[in-house]
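J.: Starting off with a structure, shown below.
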């Protein structure tokens, strides 16, 4: 059965000690980390992370590019599927991204 979650790109602590039986928690943290990582920031994997160049685009175009960029970023976490993404501009010129994702749980996840 698929469960739906909302993840934002707002700061949060990383839990390095998530037990293996809490796979959903690991997936959610991975998605959050991917949204927080800047494209070009990871050595030897410069394509990983969110392209902050979107913030320099006009607002309408940035919103158009948001969903495809989130889909690209989530390629690094194949257990999560993007349902939708929205952005809210903050005063500092960045965007608060809210991504709705789906995670397959239980037997369905094992079949795929």
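J.: First measure r as the distance between the Cβ atoms of residue 61 and residue 6, then evaluate 1/(1 + (r/R0)^6) with R0 = 35 Å and state the FRET efficiency to the nearest 0.05.
T.: Values: r = 24 Å, r/R0 = 0.68.
For R0 = 35 Å, the calculated efficiency reads 0.90.
J.: In Å and on Cα atoms, what radius of gyration and Dmax does the stretch 1-91 show?
T.: Every Cα atom of the stretch 1-91 included, Rg and Dmax give 13.8, 43 Å.
J.: Ratio of Rg to Rh for the stretch 1-43, alpha carbon only, Kirkwood?
T.: Values: Rg = 11.8 Å, Rh = 11.8 Å.
Rg/Rh: 1.00.
J.: I want to check the label-to-label distance for residue 21 and residue 51. Put each point 7 Å from Cα in the C-beta direction and report it in nm to one decimal.
T.: 4.3
J.: Can you give me the angle between helix 23-36 and the longest principal axis of the chain, using Cα atoms only, in degrees from 0 to 90, rounded to the nearest 10?
T.: Helix 23-36 sits roughly 10 degrees off the main axis of the chain.
J.: Could you tell me whether the stretch 21-61 comes out rounded, prolate or oblate from its Cα gyration tensor? Rule is a ≥ b ≥ c as square roots of the eigenvalues, rounded for a/c under 1.5, then prolate if a/b exceeds b/c, otherwise oblate.
T.: Here the stretch 21-61 falls in the oblate category.
J.: Need one number: nm distance between label points at residue 90 and residue 13, each 7 Å from Cα along Cα→Cβ, rounded to one decimal.
T.: 2.0
J.: For the chain, what is the mean residue ellipticity at 222 nm derived from helices alone (per DSSP H run of n ≥ 4: -39500 (n - 2.57); sum divided by total residues; nearest 500 deg cm²/dmol)?
T.: My calculation for the chain gives -9500 deg cm²/dmol from helical runs alone.
No value in this document is a laboratory result; all are computed from the given coordinates. This is a predicted model, so every value here is computed, not measured. Every residue, glycine among them, receives a Cβ derived from its backbone with ideal geometry; neighbour counts consider all protein chains shown.
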